[in-house]
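What follows is one structure encoded as structure tokens, with my remarks underneath.
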Amino acid sequence: MNQERQALLRQLPGVDHVLDLWEEAYPARDLPRSVVVASIRKTLEELRSTILAPDETLDDASFSDSELLRLTERTVNKAMEFNLKHVINATGVVVHTNLGRSLLPESVSRHVAEISSRYSNLEFDLEKGARGSRYTCVEDILCEMSGAEAAMVVNNNAGAVFLSLETLARGKEVVVSRGELVEIGGSFRIPDVMARSGARLVEVGATNRTHLADYEGAIRDDTALLLKVHTSNYGIVGFTSSVPLKDIVALGAKYHLPVMKDLGSGNFVDFSKYGLIKEPTVQETVAAGADVITFSGDKMLGGPQAGIIVGKKDTVERIKKNPINRALRIDKLTLAALEATLHLYRDEAEAVSAIPTLSMLTMPAKVIAAKARRLRDRLKKLGNNRLKVVLINSSSRVGGGSLPLQELPTKCVGIKIDGLSANRIERMMRQATPPVIGRIEDELVVMDMRTVQNEEIAVIAATFEKILAEK
Ligand SMILES: *Cc1c(COP(=O)(O)O)cnc(C)c1O
């Protein structure tokens, strides 16, 4: 280390010195002392690593009292903010797993707030005046909507698949097509979940083609389950063939074997009515006769994170009795959100307009274009000639590992600012309050208006006003 850097390190003051500065500067700021002290430590540590970083240049001014106070204040403010916060999703990915997947409808979040801040009949039967089951509130409506005999809910669909396999096939064999050995993000893979559940995977067919005879040829004394997995996040196209669920159900009946379908996303609305690619609905899957069907609460369903299991009464009862069920149980906030979301589905038109995931997926092009024009006009009104704004056509994505081949034509607002690179603008937007998450396309920062909510348009304009004032 050169002498200059050593000299700078020696100049770095101690925590007590900065604490005195702070208390003198802000005698009235009522903050937890632990936060202030930790923030001062962090600020000094950051300065120390800057001094030691080979390409950084610092001078004495970096340790002036006013600069130390400014840096400390920035760290304190950051520490007082929530880490989990609202961001504006301008990526156009509707079910964005990194940005919270599904947004709850207003009426649903109001119900969650009410149930969570008051006592409720969570496990109390108001008719009998005795202990009740925490799941009754959603089981009946799930059966009503899906046509299934029984229903239950766990923490997420990964949990639902695991619990079902563990209950029905531990120590036994499960027959699955080679074309359906799905991996979804975050390390959920059918073969791995199967191994953890204690069930043995028996792969049949080829990647692109599997026939009924392949399933039948794999059935042995040890076979406990026939499993179909929806290829929710990829498509196999070309010379392909897979066996329809109802044929597998007939095969299962012949050999007295239960049949399970992991639907992945799971939806009660037939999206092909709204111009999207056909996905099997939960109702159709129940009607095809599967014994167990599992799906997510927060993918295309648009509710809270949950894993829903519907199916035949005796099979679902066995899964419910598995002691692991308790470890996967959902809390009352999720239950409240799920029940309120399911209620909206009783009227499909209402579901499609009130559930944000559904309304964004089915949003007419002219509604998106109108949002794009509103943002463009607001940005133009800032009257800053460094800012260039254009409207461009692009394609949104469903996301959440659903409908990977679906094209969703959309309208985006593209931004350039003289003197700032696209990467720089993207970073400033991401670090704004609230953060605005867009993407970069050909040196242009692009905001897809499909996933931007109406009330966020003014907020984005204000963010750009600040960015332009800063740099
Ligand atoms: C998404 C998905 C899962 C996991 O669902 P989570 O709700 O994310 O746990 C399981 N199987 C398939 C086929 C999926 O698409």
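The values are calculated or read from the model by the stated rules, or taken from the named source; none is laboratory data. Keep in mind that this is a model prediction, so the values were computed, not measured. For neighbour counting, all protein chains shown are included, and Cβ atoms are generated from backbone atoms with ideal geometry for every residue, glycine included. Remember, those area values only see protein heavy atoms, side chains included, never the ligands or the DNA or RNA. Shrake-Rupley method; radii C 1.70, N 1.55, O 1.52, S 1.80 Å.
If I take all pairs of Cα atoms in region 103-354, what percentage of them are more than 26 Å from each other?
On the way: 12400 of 31626 pairs.
Tail of the P(r) past 26 Å holds 39 percent of the pairs.
What FRET efficiency do you get for Glu407 and Asp221 if R0 is 51 Å and r is their Cβ-Cβ distance, rounded to the nearest 0.05?
Working: r = 48 Å, r/R0 = 0.93.
E(calc), rounded to 0.05, equals 0.60.
Computed from the mean reciprocal separation of all distinct C-alpha pairs, what Kirkwood hydrodynamic radius does region 3-80 have, in Å?
Working: mean 1/r = 0.0772 Å⁻¹.
After inverting the pairwise mean of 1/r, the radius is 12.9 Å.
Would you please put 65-72, 94-101 in order of how densely packed they are, using the mean number of other Cβ atoms within 10 angstrom per residue and starting with the highest?
On the way: 65-72: 16.1, 94-101: 19.2.
The packing order, highest mean first, is 94-101, 65-72.
Each residue of region 274-283 in order: what ³J(HN,Hα) in whole Hz does its phi give by Karplus 6.51 cos²θ - 1.76 cosθ + 1.60, θ = phi - 60°, with x for Gly and Pro?
Coupling constants for region 274-283: 10, x, 9, 5, 5, 10, x, 7, 4, 4 Hz.
From a point 7 Å beyond the Cα of Arg209 in the direction of its Cβ, which residues of region 221-242 have a backbone N at a distance under 14 Å?
Of the residues in region 221-242, 237-242 have backbone N under 14 Å from the label point off Arg209.
Roughly what would the spin-label model give for Asn322 and Ala79, points 7 Å off Cα along C-beta, in nm?
About 4.5 nm separates the two model spin labels.
Taking a 30 Å limit on the Cα-Cα distance, which of the listed pairs Lys172/Lys273; Lys128/Lys321; Lys246/Lys332; Lys371/Lys416 fall beyond it? Intermediate values should be presented prior to the final figure.
Numbers: Lys172/Lys273 41 Å; Lys128/Lys321 23 Å; Lys246/Lys332 36 Å; Lys371/Lys416 19 Å.
Over 30 Å apart, Cα to Cα: Lys172/Lys273; Lys246/Lys332.
What do you get for Rg/Rh of the chain when both radii come from the Cα atoms and Rh is the Kirkwood radius? Don't skip to the end; give the middle numbers.
Numbers: Rg = 27.6 Å, Rh = 25.9 Å.
Across the chain, the Cα-based Rg/Rh ratio is 1.07.
Once fully extended, how much extra length lies between Ser395 and Glu67, figured as 0.36 nm per residue of separation less the alpha-carbon to alpha-carbon distance?
Numbers: separation 328, 0.36 × 328 = 118.08 nm, distance 4.60 nm.
The Ser395-Glu67 span can extend by a further 113.5 nm.
In whole percent, and with a 1.4 Å probe on the protein chains, what portion of the accessible area of region 3-80 is carbon and sulfur? Present the calculation step by step, with values, prior to reporting the outcome.
Details: 2460 of 5100 Å².
About 48 percent, which is the carbon plus sulfur part of the accessible surface.
Suppose the chain between His86 and Ser353 were pulled fully straight at 0.36 nm per residue; how much longer would it get relative to their current alpha carbon spacing? Can you show the working numbers first?
Numbers: separation 267, 0.36 × 267 = 96.12 nm, distance 2.20 nm.
Between His86 and Ser353, full extension yields an extra 93.9 nm.
Loop-only check: which trypsin sites (Lys or Arg not before Pro) in region 365-429 are DSSP coil with at most 16 other Cβ within 10 angstrom? Intermediate results must be reported in sequence, preceding the final value.
Details: sites: Lys366, Lys371, Arg373, Arg374, Arg376, Arg378, Lys380, Lys381, Arg386, Lys388, Arg397, Lys411, Lys416, Arg424, Arg427; in loops: Arg386.
Answer in residue order: Arg386.
Dividing the alpha-carbon radius of gyration of region 259-378 by 2.2 N^0.38 Å (N being the number of residues), what value is obtained?
Numbers: Rg = 17.2 Å, N = 120, 2.2 N^0.38 = 13.6 Å.
Computed over Cα atoms of region 259-378, the ratio equals 1.27.
Taking the chain as the reference, fit the longest principal axis to its C-alpha atoms, fit the long axis of helix 332-344 to the helix C-alpha atoms, and give the angle between the two in degrees, 0 to 90, nearest 10.
On a 0 to 90 degree scale, this one is about 70.
Give me the angle, in degrees from 0 to 90, between the Cα long axis of helix 15-25 and the longest principal axis of the Cα atoms of the chain, rounded to the nearest 10.
Its long axis makes an angle of about 80 degrees.
Any idea of the accessible area per residue across the chain, 1.4 Å probe, to the nearest Å²? Walk me through the numbers before you get to the answer.
Working: 23580 Å² over 471 residues.
Per residue, the chain has 50 Å² of solvent-accessible surface.
Between region 418-466 and region 108-131, how far is it from one alpha carbon centroid to the other, in angstrom?
41
Would you mind giving the average projected area, over all directions, of the Cα convex hull of region 182-262 in nm² with one decimal? Intermediate values should be presented prior to the final figure.
Details: hull surface 22.4 nm².
Dividing the Cα hull surface by four gives the mean projection, 5.6 nm².
Helix 245-255 against the longest principal axis of the chain: what's the angle in degrees, Cα atoms only, rounded to the nearest 10?
Roughly 50 degrees between the two axes.
Efficiency by 1/(1 + (r/R0)^6): what FRET value for Arg33 and Glu123, r their Cβ-Cβ distance, R0 = 51 Å, to the nearest 0.05? List each step's numbers first, then the result.
Details: r = 42 Å, r/R0 = 0.82.
That pair, Arg33 with Glu123, gives E of 0.75.
Enumerate the lysines that Lys78 could reach by cross-link, defined here as Cα to Cα under 23 Å, with residues fewer than 8 away along the same chain left out.
Lys42, Lys466, Lys471
Based on DSSP H runs of at least 4 residues, each adding -39500 (n - 2.57), what is the mean residue ellipticity at 222 nm of the chain after dividing by all its residues, to the nearest 500 deg cm²/dmol? Working shown, then result.
Details: 19 runs with 204 residues, N = 471.
So the calculated ellipticity at 222 nm is -13000 deg cm²/dmol.
Which loop chymotrypsin sites (Phe, Trp or Tyr not before Pro) in region 232-294, with loop taken from DSSP, have no more than 15 other Cβ atoms within 10 angstrom of their Cβ? Before the final figure, lay out the partial values.
On the way: sites: Tyr234, Phe239, Tyr255, Phe268, Phe271, Tyr274; in loops: Tyr234, Phe239, Phe268.
Those that pass, being in a loop and sparsely packed, are Tyr234, Phe239.
Determine the gain in length on full extension of the stretch Ala458-Arg189; use 0.36 nm per residue of separation and subtract their C-alpha separation, reporting nm with one decimal. Please list the in-between numbers first.
Numbers: separation 269, 0.36 × 269 = 96.84 nm, distance 4.17 nm.
Full extension of this stretch gives 92.7 nm more.
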